[in-house]
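**Student:** My structure is below; once you've seen it, I'll send some questions.
The values are calculated or read from the model by the stated rules, or taken from the named source; none is laboratory data. Just so you know, these numbers come straight off a predicted model, no measurement behind them. Ideal geometry is used to build each Cβ from the backbone, glycine not excepted, and the neighbour counts take in all protein chains shown. These accessible areas exclude ligands, DNA and RNA; they are computed on the full protein's heavy atoms, side chains included. Shrake-Rupley method; radii C 1.70, N 1.55, O 1.52, S 1.80 Å.
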Amino acid sequence: MALIPRDLGVPFDPTIPLQLAEFDGFGTDVPSTQGMITAVNTPPALPNANSVRAARMFKPSLVAGLDPTAPVFPTPDFIASPGRTFGRSGRELVVINIPGVGPVDTWSFRDTINNIATWPAPTIRLREGQLVHSEMNNNHGPHTIHHHGIEPTAMNDGVGHLTFEVAGGNYIYQWQAAEAGTYFYHCHRNTVLHFELGMYGMLIVDPAVPGAPFADGGAGATFLGDDIANYQSEAIWVADDIDSRWRALDKSAGIAAPGLVNGQPVFMAWNDPANPRLNDFRPDGFVVSGVAADPAQNNTIVARGKTVVGGQKLLVRALNASYCTTVWKFPETLSGTVTAVDARTLGRSSTGFGSYSEPFSLASINHEFMLTTARRWDILIDTAGSSFGTHMVEIEFRHWITGLVLRTVRLPITVASA
Ligand SMILES: [Cu+2]
């Protein structure tokens, strides 16, 4: 029997009954809560996917307290009235141009309420404290929505294999935006591939102040320790790298199949350029928020630059969605304060994390910092002391193993007179 690659590169073993049972349900629709309760109450002679999942998720004492005749709920939690509802469907093809490479497909999510498809996917943006429903409708095979950093219950977390993948129909992820900050959401099915292909968007939780949630790129407010700081402009900068060859991979592709050479196990074809697998990543496109850098333009992405009037404040939300290690270098001519890391506000005493940290200046870290995959920093730039003109921010994309700089991308911040 063929080996089926799974998340994390662990080969599927059909001789293990639990794995076989889980695989039998791999491509099926979302299991209903009622079906899972039934599965626990009347275990089948042979385990099936629902009974395996139910046994993992529900304590017998909890199941006994649930009414098996109750209506089918989309989640095992009670359904509350949401403060905000978002709709997303995957996957949505969006073509971008990489100078020197050509047009490449990216996989994204469509906003099914406003009928908008962009790459990165449209931002999910709301106020701190709101209860949220993210309703997923898929029409191109199984995917999930994982709201990275939110940490809801398992059924709402959208992590393939830990819970389930949504093959079709509707599924509502219910969660609460407990803490303001910069997050993102992404598909968590065969994550190494689906995330690389582009299935992600920003998730921003604004403080619960008048005017929030704010529009992307414009004026808004953020926490600065326990205080609220207003900013007049916002830069959402998502660094990503693209291996154009991966576009031809099957959506369930894994690492190269193991084989034997001289009796020793090896991974075959690990460096075959014409037949890449997930252990062979060679990015040829370097992107910030959906726009690819052009070497002929010194890799300066003018379209993602920001212009602010001297004296105004600019909030930079930096996310590394690439597999490179990124080094962000700000010019000494801009003064800035790091206000949050990974959606945890520094020095916000009402939160666990913030009670033992405090905001710090870019100058105190020599104006540069490193972000590995999925990390986010918020930097509040104050242009009051900066000269008029262009101040260039650089992002180095460094190879994740060797540390070699593969590309340096530049983003201009222009300080203009009023
Ligand atoms: Cu996916």
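**Student:** Give just the number: which of (1) open to solvent by less than 10 Å² (accessible area, probe 1.4 Å); (2) over 25 Å from His148 (Cβ atoms) does Thr402 not satisfy?
**Tutor:** Condition (1) is where Thr402 drops out.
**Student:** Scan the range 95-126 residue by residue and report those that are away from the ligand (no atom under 16 Å from the Cβ), of a type in the set (A, V, I, L, M) and touching a residue at least 24 places away in the same chain (Cβ under 8 Å).
**Tutor:** Ile96, Ile98, Val101, Val104, Ile113, Ile124, Leu126
**Student:** Would a scan of the range 339-362 turn up a residue that is of a type in the set (Phe, Trp, Tyr), open to solvent by less than 40 Å² (accessible area, probe 1.4 Å) and in a strand (DSSP E or B)?
**Tutor:** no
**Student:** Sticking with this structure for a sec: Could you say whether any residue in the range 222-229 is open to solvent by less than 10 Å² (accessible area, probe 1.4 Å) and either within 16 Å of the ligand (Cβ to nearest atom) or under 18 Å from the mean Cα position of the chain (by Cα) (or both)?
**Tutor:** Scanning the range 222-229 turns up no residue that is open to solvent by less than 10 Å² (accessible area, probe 1.4 Å) and either within 16 Å of the ligand (Cβ to nearest atom) or under 18 Å from the mean Cα position of the chain (by Cα) (or both).
**Student:** Continuing with the same structure: Of all the residues that make up the range 184-200, how many are more than 9 Å from the ligand (Cβ to nearest atom) and surrounded by fewer than 23 Cβ atoms within 10 Å (Cβ to Cβ)?
**Tutor:** Matching residues across the range 184-200 total 1.
**Student:** Among the residues of the range 118-132, count how many are among the hydrophobic types (A, V, I, L, M, F, W, C) and either assigned to a loop (DSSP other than H, G, I, E, B) or modelled with pLDDT of 95 or more (or both).
**Tutor:** Of the residues in the range 118-132, 4 are among the hydrophobic types (A, V, I, L, M, F, W, C) and either assigned to a loop (DSSP other than H, G, I, E, B) or modelled with pLDDT of 95 or more (or both).
**Student:** Find all pairs meeting these conditions: Cβ atoms under 9 angstrom apart; at least six residues apart or on different chains; first residue within the range 341-370 and more than 17 Å from Lys329 (Cβ to Cβ) and assigned by TED's automatic domain parsing to the domain that holds Thr408; second residue open to solvent by 20 Å² or more (accessible area, probe 1.4 Å) and assigned to a helix (DSSP H, G or I).
**Tutor:** That search, which allows pairs on different chains as well, returns Gly347/Ser355; Arg348/Ser355; Ser349/Ser355.
**Student:** Still on this structure: Is it the case that the range 127-138 has a residue that's surrounded by 15 or more Cβ atoms within 10 Å (Cβ to Cβ), within 13 Å of the ligand (Cβ to nearest atom) and in the same structural domain as His188 (by TED's automatic domain parsing)?
**Tutor:** Yes: the range 127-138 contains one or more residues that are surrounded by 15 or more Cβ atoms within 10 Å (Cβ to Cβ), within 13 Å of the ligand (Cβ to nearest atom) and in the same structural domain as His188 (by TED's automatic domain parsing).
**Student:** A further question follows. Quick check: is even one residue across the range 160-174 within 14 Å of the ligand (Cβ to nearest atom), under 15 Å from the mean Cα position of the chain (by Cα) and either surrounded by fewer than 22 Cβ atoms within 10 Å (Cβ to Cβ) or more than 30 Å from Val338 (Cα to Cα) (or both)?
**Tutor:** Yes, there is a match, as at least one residue in the range 160-174 is within 14 Å of the ligand (Cβ to nearest atom), under 15 Å from the mean Cα position of the chain (by Cα) and either surrounded by fewer than 22 Cβ atoms within 10 Å (Cβ to Cβ) or more than 30 Å from Val338 (Cα to Cα) (or both).
**Student:** I've got another one for you. Among (1) within 16 Å of the ligand (Cβ to nearest atom); (2) surrounded by fewer than 21 Cβ atoms within 10 Å (Cβ to Cβ); (3) in a loop (DSSP other than H, G, I, E, B), there is one condition Arg247 misses while meeting the rest; what is its number?
**Tutor:** (3)
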